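Chemist: My questions will all concern the structure given below.
Only the coordinates and a few stated rules stand behind these numbers; no lab work does. Computed from a predicted structure; not experimentally measured. When we count neighbours, we look across all protein chains shown, and the Cβ atoms used for this are built from the backbone with ideal geometry, even at glycine.
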């Protein structure tokens, strides 16, 4: 919880600068947005965790029924709300919440988006479990994540130094195969993987994963109950 508070303070501090920074690979970003827009549908309820200043959520909102964006940093959410008002986007709500503690009942959303955030959360397993909890049976968990283990070793060395001076938040180092395994361990089935970057090598992996449908989820519950009965 203390780590979340420190990270929120970091993102609050840089929020206005972050909002003004240009997207470095606009073509790669557009590929991600356009692919995501084809995966969601007109009546869908969609959640984006770690929404930052709301740029992506506001791009997705026009093609879905309801859009919710959450972020741990209140200043990021304030900027997102300003943007929504300026764009007169009426079907989007922005809320302050940690990625693994977003409010909502089971099966509230048709899709959960996690763009450039899974390397920043302190508990990825809890975040993915919570996403699965919030998804309807068969819902989609769509993520794009920088895999720092595939990036320059100099960057990995620089991160702890920056953190020591309060210049960087919590950052996890892992490879794409590690992330894929974690997503599957959370109960999802990966149905699509891609690299949308414009460069020759893109360390950001785009993954589409499906939550269990009702029958498969019920089958796991029945199996667990059977094991408990046999253990008694």
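Chemist: Would you work out the relative contact order for region 1-129, in percent, from Cα pairs under 8 angstrom that are 6 or more residues apart?
Modeler: Relative contact order comes out at 27 percent.
Chemist: In region 108-130, which residues have a backbone nitrogen under 17 Å from the label point lying 7 Å from residue 21's Cα in the Cα-to-Cβ direction?
Modeler: 115-121
Chemist: Please report 144, 136 as a ranked list, fewest other C-beta atoms within 10 angstrom at the top and most at the bottom.
Modeler: So the ranking, lowest neighbour count to highest, is 136, 144.
Chemist: Okay, moving on. Give me the one-decimal nm value for the distance between modelled label points at residue 89 and residue 37, 7 Å along each residue's Cα-to-Cβ direction.
Modeler: Between residue 89 and residue 37, the simple spin-label model gives 1.2 nm.
Chemist: Shape of region 68-180 from its Cα gyration tensor (a ≥ b ≥ c, root eigenvalues): rounded if a/c is under 1.5, otherwise prolate when a/b > b/c, or oblate?
Modeler: The shape class here is oblate.
Chemist: Still on this structure, I have one more. To make sure I understand, if each residue's beta carbon is the centre and we count other beta carbons within 10 Å, what order do 7, 93, 71, 178 fall in, fewest to most?
Modeler: 178, 93, 7, 71
Chemist: For residue 151 and residue 14, what is the calculated FRET efficiency with R₀ set at 22 Å and r taken between the beta-carbons, to the nearest 0.05? Mind showing how you got there, number by number?
Modeler: Numbers: r = 21 Å, r/R0 = 0.94.
The formula returns an efficiency of 0.60 here.
Chemist: While we're on this one: For 67, 128, 151, 26, what ranking results if the residue with the fewest other Cβ atoms within 10 Å of its Cβ goes first?
Modeler: 26, 151, 128, 67
Chemist: So, one more: Which length gain, in nm to one decimal place, applies between residue 177 and residue 66 when the Cα-Cα distance is subtracted from 0.36 nm times their residue separation?
Modeler: 36.7 nm is the gain from fully extending residue 177 to residue 66.
Chemist: Also: How would region 9-52 be classified by its alpha-carbon gyration tensor: rounded, prolate or oblate, with rounded meaning a/c under 1.5 and the a/b versus b/c comparison settling the rest? Show your work: numbers first, answer last.
Modeler: On the way: a/c = 3.94, a/b = 1.55, b/c = 2.54.
Oblate shape, in that a/c is at least 1.5 and b/c is the bigger or equal ratio.
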